Amino acid sequence: MGESSTLRASVVINTYNRGHSLEATLLALRQLDPVDLEVVVVNGPSTDGTHDVLERWVDVVKIGSCPERNLSMSRNIGIALAAGDVVAFIDDDAYPDPAWLARLLDGFDDPEVAAVGGPTFDYTGASLQARYSIADRLGDAWAVTDDGAPNPTWLFSAPGKREFLYTIGTNSSFRREHLVAIGGFDEEYEYYLDETDLCVRLADRGYMIRHVDDAVVYHKFLPSAIRTPDRATRDRFSIIKNRVYFGLTHGRATHSFAEMCRSLTTFVDLSRNDIEHHVEHDNLDLEALHRFDHDVHEASTLGFEHWVEGPKTRGPAWFAGQAQAWRPFPTVASTMSSRRLHICLLSQEYPPGRVNGIGRLSQSLATAMAAEGHIVRVFTRGEHHDRVDLEDGVWVHRLVVGHHPLPDDLLDLPQFLWDHSATMHDAIRAVDARRAVDVVQAPNWDIEGLATMRSGAFLTALGVYTPMSAVERINPELLDRDVRSQLAAERWSYETADLLVASGGAVIDEVERSYGVSLHDDRLLLVANGLPDMAQRAEPAATPGGVSILYVGRLERRKGIDGLLRALPAVLDRHADARCTIVGDDSITGPDGRTIRAAFESSADGRRIGDRVTFTGRLDDDECRKLYESCDVFVAPSRFESFGLILVEAMMLAKPVVAGDCDAMRSIVEGGAGLVASADDPAELADAISSLVASPELRAEVGAAGRRRFEERYTSSAMANGVLAGYLSARRRSATRGRLR
């Protein structure tokens, strides 16, 4: 073990009016790999509620205050408060890869290393803002974004060089003793060229500025007092002033005065061109251009005058006078009792957009596993450009699907299925190159994991949900293509996966019957699906007069909506105060070319009771949740479900449910947690619904039983722990068989 393994790190965040993103950064730091660290937040003169955010973290975070909007002053205060051997800086609109701090500390394995930085991704999270950055002594700087460029550390490690490597502010770290020895940041730089100045001063003392390739930060580049939402710089006074000050401070030994003047003129011209571009595209108003032309003269003069006055650094006594004792910052990984896994989940749908069951379950599983301390990534479809974001502790990769030639043995497979699968696999391989992936889980639906499973590069888990064979049997009209090749590929995936994850035996029995495969072996993991307990955060919903019946689901035969619409006339005739709301995609056509909704509305019953039946179409999660909260009876009369997540959503809120007479749904509501009725027997279904409509006491009893059932079996944490145990077991089996890399 080198010196870096014993170093303690203080992570400093300098913040101003970014309370919301600051909290996101603090939560991201909780995901760091285990190292000895503390966190210091220095708050500027914020007015947006940042103080309230910090109050929530006061027990685990050191908090300082900076009276001015001066980043260098704020950083010096952070250095003074820091008790670590290394001081690392990250912005309040950025979050680190879990390995970020550990990899930075690894870079300090030589006593000559004074500063270490790593790659920074831009606001998309998918494109590099800078792999590393180089500047010259006049203050011109450029970012290298070529991921294959050689590491430049050894090329620039000498005092007095015209060009030098520097660490950008949102991904930088320094030995604290060296920071104190050189007076910290020069507070002349309220922002811009601040860390560049620090690095050249360290380099001129003979210390090494080091780049490491695997200490990654994601910089969201949020709007600020300086930057518009379109990332246009509003005010360049400080930029011009600091450019003059920096060039005079560091450039005279290596450049002639004529070179310095030409360089500054070019810099001003390029800055003006950039403003003109933003004015032309309405990102800035014309006043910004007039202000710039005025500021150039005053700012350049002020930069010269301040250079004559000398630097605004701090003495060692000033740093010592504000010292505070070490305060450890807890991370989720540091408290784990089991090995930390790197998990990739595939899901075509993922919130916050509209999602169906698999997308909702993917989010529930992902967030719960991340809360247990594991590194979890979700790979899903994106638009316009690739994105990577940290959402509720989960790394979400939204990818634009690209074309991939079909393999020769899959030429009959629909191209769009392979394109999606291969795009996700490419992204997983890229992630694995930075940190080894332990397991990839994909749903059987649309065989999203086909490319990954065919590669054989990863341990794969297959989530077993409603198989294509069930849709072909119950709703063949939904299939607009020949599915034989898809069925064959799906069958292959059942036989090939290292782990089969299912919510219960009913869906496994369906797969075995339909595909002629045997899945009851040591690969099979049965874990009940679960959801986060939203009832704990719910506000009481206003209940309209009368009794409200709710259905949520696609309007297709498999969901039993046709049976519900046949049962409703009897229910509504018996109960004059009852109404029914039907939520879900109502555009699906049947064999006769009509939708189920259209057929109902044109029928005699539909015309008679139509004013008491409301079709909403698809709704977003918030709208749908309000209906869950305000309904009195929930009905889900499905003919087949791999599980029945909508029942769990209602039971979580203590709503009495009527479930379809299929194996999966019966198992959810057993023990009195709900009633069961068949969509193929409208009279039975009407009686079940009517019994709940007629009796508030029965509704309360069944709803309470459902809530208890949810707490006992269907929480997201219970699901996550069951799946994680399965992952570890599958890895042990694969290791025994020599399959793990």
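List of remarks:
- Pairs are defined by a Cβ separation below 9 Å, a sequence spacing of at least 6 or placement on different chains, a first member in region 640-655 that is under 21 Å from Ala704 (Cβ atoms), and a second member that is among the basic types (Lys, Arg) and not in a helix (DSSP H, G or I); the pairs so defined are Glu649/Lys655.
- For region 145-166, the criterion of being touching a Ser or Thr at 6+ places or on another chain (Cβ under 7 Å) and under 30 Å from His281 (Cβ atoms) is met by no residue.
- Reported count of residues in region 618-640, each being charged (D, E, K, R) and either within 15 Å of Leu531 (Cβ to Cβ) or at pLDDT 95 or above (or both), is 4.
- Filter pass, Leu411 being buried (at least 20 other Cβ atoms within 10 Å of the Cβ), at pLDDT below 95, out of contact with any Pro (no Cβ under 8 Å at 6 or more places or on another chain) and of a type in the set (A, V, I, L, M): no
- Filtering Phe634, Phe640 for residues that are in a strand (DSSP E or B), crowded, with 22+ Cβ neighbours inside 10 Å, of a type in the set (Phe, Trp, Tyr) and assigned by TED's automatic domain parsing to the domain that holds Ala576 leaves a single hit, Phe634.
- Top-ranked residue in region 317-336 [being surrounded by 12 or more Cβ atoms within 10 Å (Cβ to Cβ) and either outside any loop (DSSP other than H, G, I, E, B) or free of Cβ contacts under 8 Å to residues at least 60 places away in the same chain (or both); ranked as nearest to the chain's Cα centre (by Cα)]: Ala333
- Filter result for Arg210 (buried (at least 22 other Cβ atoms within 10 Å of the Cβ), of a type in the set (Lys, Arg) and within 26 Å of Gly125 (Cα to Cα)): yes
- Check on Arg339, part of a loop (DSSP other than H, G, I, E, B), under 18 Å from Asp432 (Cβ atoms), at pLDDT below 95 and more than 11 Å from the chain's Cα centre (by Cα): yes
- Within region 687-731, tally of residues that are more than 20 Å from Leu361 (Cβ to Cβ), touching a strand residue (DSSP E or B) at 6+ places or on another chain (Cβ under 9 Å) and among the hydroxyl-bearing types (Ser, Thr, Tyr): 3
- Across region 262-294, the number of residues qualifying as without any contact (Cβ under 8 Å) to a residue 60 or more places away in the chain and surrounded by 13 or more Cβ atoms within 10 Å (Cβ to Cβ) comes to 15.
- Residues being part of a helix (DSSP H, G or I) and either touching a Gly at 6+ places or on another chain (Cβ under 6 Å) or not aliphatic (A, V, I, L, M) (or both) - total across region 193-247: 16
- Check on Glu163, charged (D, E, K, R), in the same structural domain as Arg262 (by TED's automatic domain parsing) and more than 19 Å from Asp36 (Cα to Cα): yes
- Across region 117-155, the qualifying residues are those that are surrounded by fewer than 19 Cβ atoms within 10 Å (Cβ to Cβ) and of a type in the set (Phe, Trp, Tyr), and the one among them that is farthest from Tyr245 (Cα to Cα) is Tyr123.
- Residue match in region 131-144 (condition: under 21 Å from Leu390 (Cβ atoms) and not basic (Lys, Arg)): no
- Checked against (1) within 26 Å of Tyr714 (Cβ to Cβ); (2) touching a Ser or Thr at 6+ places or on another chain (Cβ under 7 Å); (3) not in a strand (DSSP E or B), Leu413 passes all but condition (1).
- Condition check for Ala664: in contact with a Phe, Trp or Tyr (Cβ under 6 Å, 6 or more places away or on another chain) and assigned to a helix (DSSP H, G or I): yes
- Helices (runs of 4 or more DSSP H) lying entirely in region 1-91 (those with 3 or more residues that are buried (at least 24 other Cβ atoms within 10 Å of the Cβ) and acidic (Asp, Glu)): none
Okay, residues lined up against (1) without any contact (Cβ under 8 Å) to a residue 60 or more places away in the chain; (2) under 28 Å from Arg554 (Cα atoms); (3) outside the structural domain of Ser127 (by TED's automatic domain parsing):
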{"site": "Ile343", "(1), (2), (3)": "no, no, yes"}
{"site": "Pro352", "(1), (2), (3)": "no, yes, yes"}
{"site": "Gly359", "(1), (2), (3)": "yes, yes, yes"}
{"site": "Ser364", "(1), (2), (3)": "no, yes, yes"}
{"site": "Glu372", "(1), (2), (3)": "no, no, yes"}
{"site": "Arg381", "(1), (2), (3)": "yes, yes, yes"}
{"site": "His385", "(1), (2), (3)": "no, no, yes"}
{"site": "Val388", "(1), (2), (3)": "no, no, yes"}
{"site": "Val396", "(1), (2), (3)": "yes, yes, yes"}
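- Index of the failed condition, Gly125 passing every other in (1) at negative phi; (2) under 25 Å from the mean Cα position of the chain (by Cα): (1)
The values are calculated or read from the model by the stated rules, or taken from the named source; none is laboratory data. Every value quoted in this text rests on a predicted model; they were computed, and no experiment measured them. All Cβ positions, glycine included, derive from the backbone under ideal geometry; neighbour counts span all protein chains shown.
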